[in-house]
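Everything on this sheet refers to the single structure shown next.
Taken together, the values in this text are just the output of simple stated rules run on the coordinates, not laboratory data. Remember, predicted model here, so these are calculated numbers, not experimental data. Here Cβ is always computed from backbone atoms with ideal geometry, including for glycine, and neighbour counts include all displayed protein chains.
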């Protein structure tokens, strides 16, 4: 298992916290968490940091608005302004470590950030792995998403524990990690600064999160879509929609799996990511990067 370090970097006028393993390795993978209450680089990606750090240089930032990253002075931002700020965070970390490019792995909102990062500067990013990703069309917000958005109507630890269980198909797959995730995320989101900020981070209109098909068909990178078949937060239809328009995509659906593939089926997830990265030639050579 690779050890990982907690690091800090000034980015765009605020201090970013990120987790870093495998610094001796050349090929870089950036892991991007979603927008669930209390989400962070460490609660989403601890095992991936430890295992993938043996082979890759792995970076898992606390995206601005989440985790221990400093809250910027201006928080009156639209969903897309927050997205751009998160892309600039990623680029600043890559620049700091003299990394010309990286593969992106995005869960949920992290998938939306990944797709927009390629649209922002395709030369810096190679392969994309989108897991339970937003950005595609669905039949509208699920009851679970509505409960998540309205969590602060009843912000008890019991309600939070139930919400956390709903992210997975069967909470028994998390074992003893379940309570650790609950406690860590709950403590984070209940900080006064976070509890005031979090409800403003989520888009008021779900249609805001959609990536236009006109943009998707112009993405030249190889894309692997992984989705839990029983995902109740971002239904599989989102990945099916993205798959329809992305020209160089593969799609894998996993049964008995919810929104957190990396936690519910960690070995399978890491295997799929590693195989996908290794099986294709460098995409940037094909697009002139």
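A few points about this structure:
- Sequence-separation-based contact order of segment 73-183, relative, with Cα cut under 8 Å and 6+ spacing, percent: 19
- Full extension of the chain segment joining residue 121 with residue 255 gains 44.8 nm, where the gain is 0.36 nm per residue of separation less the Cα-Cα distance.
- Average Cα contact separation per residue, segment 4-283, under 8 Å, 6 or more apart, as relative contact order %: 19
- Footprinting exposure proxy ranking of 114, 195, fewest other C-beta atoms within 10 angstrom first, gives 195, 114.
- The distance from the alpha carbon centre of segment 156-218 to that of segment 9-45 is 17 Å, rounded to a whole number.
- Taking the helices alone, the chain has a mean residue ellipticity at 222 nm of -12000 deg cm²/dmol, built from -39,500 (n - 2.57) per DSSP H run of at least 4 residues and averaged over all its residues.
- GNM top mover of 279, 183, 222 - the chain, alpha-carbon springs below 10 Å: 279
- Peptide packing for 248-259, 72-83 was compared via the average number of neighbouring C-beta atoms within 10 Å per residue; ordered from the highest value, the list is 248-259, 72-83.
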